[in-house]
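Trainee: Got a structure for you, questions after.
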Amino acid sequence: RIFNARRVRHSCLPGSGIVASARGLANIAAWLGDHDIVGGGTADAQSYGLGFRRFSFQDQDGRIRRSGFGHAALGGTVVFTDPASRLSVAVTVNELTSDRR
């Protein structure tokens, strides 16, 4: 519950999370992809850039494309984007908790 406290959310701790809507997070990922901030399409499929995991896809014609990237965060927030197909998806959660009920 500590990460849900207003004072913790406003402390801007690097690498401790983001407070955003799913739409806002998907837009951030799309912007990063559009501006090639995370890295070029030649990166190894398992490599990381700026905390994002790179993904590869096989096109219908059999070519391997390494343009996608994403990140799964603590608590269940997930973001994924593929600039080549102009697709970005994000899932956010309402509250960070360790309760498994």
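Trainee: I'd like the full set of residues that are polar (S, T, N, Q) and more than 9 Å from residue 29 (Cα to Cα), limited to the stretch 79-93.
Mentor: So in the stretch 79-93, the residues polar (S, T, N, Q) come out as 81, 85, 88, 92.
Listed by number, the residues that qualify are 85, 92.
Trainee: Same structure, new question: Scanning for something part of a helix (DSSP H, G or I), modelled with pLDDT under 85 and under 24 Å from residue 94 (Cα atoms), does the stretch 8-30 turn up at least one residue?
Mentor: Filtering the stretch 8-30 for residues part of a helix (DSSP H, G or I) gives 8-9, 22-30.
Narrowing the set further to residues that are modelled with pLDDT under 85 leaves 8-9.
Retained after the next criterion (residues that are under 24 Å from residue 94 (Cα atoms)): 8-9.
So far as the stretch 8-30 goes, yes, one or more of its residues are part of a helix (DSSP H, G or I), modelled with pLDDT under 85 and under 24 Å from residue 94 (Cα atoms).
Trainee: Check 66, 54 and return the single one that is open to solvent by 40 Å² or more (accessible area, probe 1.4 Å) and either modelled with pLDDT of 85 or more or of a type in the set (Lys, Arg) (or both).
Mentor: Being open to solvent by 40 Å² or more (accessible area, probe 1.4 Å) and either modelled with pLDDT of 85 or more or of a type in the set (Lys, Arg) (or both) holds for just one of 66, 54, which is 66.
Trainee: Which condition number in (1) modelled with pLDDT of 80 or more; (2) closer than 19 Å to residue 87 by Cα; (3) open to solvent by 70 Å² or more (accessible area, probe 1.4 Å) is the one that residue 36 fails?
Mentor: For residue 36, the exception is condition (1).
Trainee: Give me the residue from the stretch 69-86 that is part of a strand (DSSP E or B) and open to solvent by 40 Å² or more (accessible area, probe 1.4 Å) and, out of that set, modelled with the lowest pLDDT. So that I can check it myself, show each step before the final result.
Mentor: Initially, the stretch 69-86 is screened for residues part of a strand (DSSP E or B), giving 69-72, 78-82.
Now narrow it down to the ones that are open to solvent by 40 Å² or more (accessible area, probe 1.4 Å): 71-72, 78, 80.
Values: 71: 88, 72: 84, 78: 88, 80: 90.
The qualifying residue modelled with the lowest pLDDT is 72.
The values are calculated or read from the model by the stated rules, or taken from the named source; none is laboratory data. What you are looking at is a predicted structure, and each value in this text was computed from that prediction instead of being measured. Quick note on the areas: whole protein, heavy atoms, side chains included, nothing else; ligands and nucleic acids left out. Shrake-Rupley method; radii C 1.70, N 1.55, O 1.52, S 1.80 Å.
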